[in-house]
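Trainee: Could you have a look at this structure, given as structure tokens, before my questions?
The values are calculated or read from the model by the stated rules, or taken from the named source; none is laboratory data. On a predicted model such as this, the values are computed, not experimentally measured, just so you know. We place every Cβ from the backbone using ideal geometry, glycine too, and count neighbours over all the protein chains shown.
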Amino acid sequence: MFFAFFGSLMLGGIVGYAAERMGFTHNGYIPSIIIAIGGVMLFFMIRIMFGISFGSNGLNAIISAAGALILIPTEAASRSRKRRK
């Protein structure tokens, strides 16, 4: 169980980094990784409590990290950052 959790966190970090690198988000590398890891942790706990799953732990991690990055308003953050400059 612990290996699945830490592996899911690693995949979440990779998805957060890749999303920022490809220009999908405009939060910055560290905030995107934190958002993705938060989504993974939330979905991991939901999976344990309620048994909701998309399949394997890796697939759950990738989908939950991408979902967290989509749900956080990335464009609003970039617009407010441009206004400050």
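Trainee: Out of (1) at pLDDT 95 or above; (2) under 9 Å from the mean Cα position of the chain (by Cα), the odd one out for Ile35 is which?
Mentor: (1)
Trainee: Follow-up. So, in the range 44-74, how many residues would count as being within 16 Å of Phe6 (Cβ to Cβ), of a type in the set (A, V, I, L, M, F, W, C) and under 16 Å from the mean Cα position of the chain (by Cα)?
Mentor: Summing the residues that are within 16 Å of Phe6 (Cβ to Cβ), of a type in the set (A, V, I, L, M, F, W, C) and under 16 Å from the mean Cα position of the chain (by Cα) in the range 44-74 gives 5.
Trainee: On to the next question. For Val15, only one of the following conditions fails: (1) out of contact with any Phe, Trp or Tyr (no Cβ under 8 Å at 6 or more places or on another chain); (2) modelled with pLDDT under 95; (3) surrounded by 13 or more Cβ atoms within 10 Å (Cβ to Cβ). What is its number?
Mentor: In the conditions (1) out of contact with any Phe, Trp or Tyr (no Cβ under 8 Å at 6 or more places or on another chain); (2) modelled with pLDDT under 95; (3) surrounded by 13 or more Cβ atoms within 10 Å (Cβ to Cβ), Val15 misses (2) alone.
Trainee: Report, by residue number, each residue of the range 21-50 that is buried (at least 21 other Cβ atoms within 10 Å of the Cβ), assigned to a helix (DSSP H, G or I) and in contact with a Ser or Thr (Cβ under 6 Å, 6 or more places away or on another chain).
Mentor: Of everything in the range 21-50, those that are buried (at least 21 other Cβ atoms within 10 Å of the Cβ), assigned to a helix (DSSP H, G or I) and in contact with a Ser or Thr (Cβ under 6 Å, 6 or more places away or on another chain) turn out to be Ser32, Gly39, Val40, Phe43.
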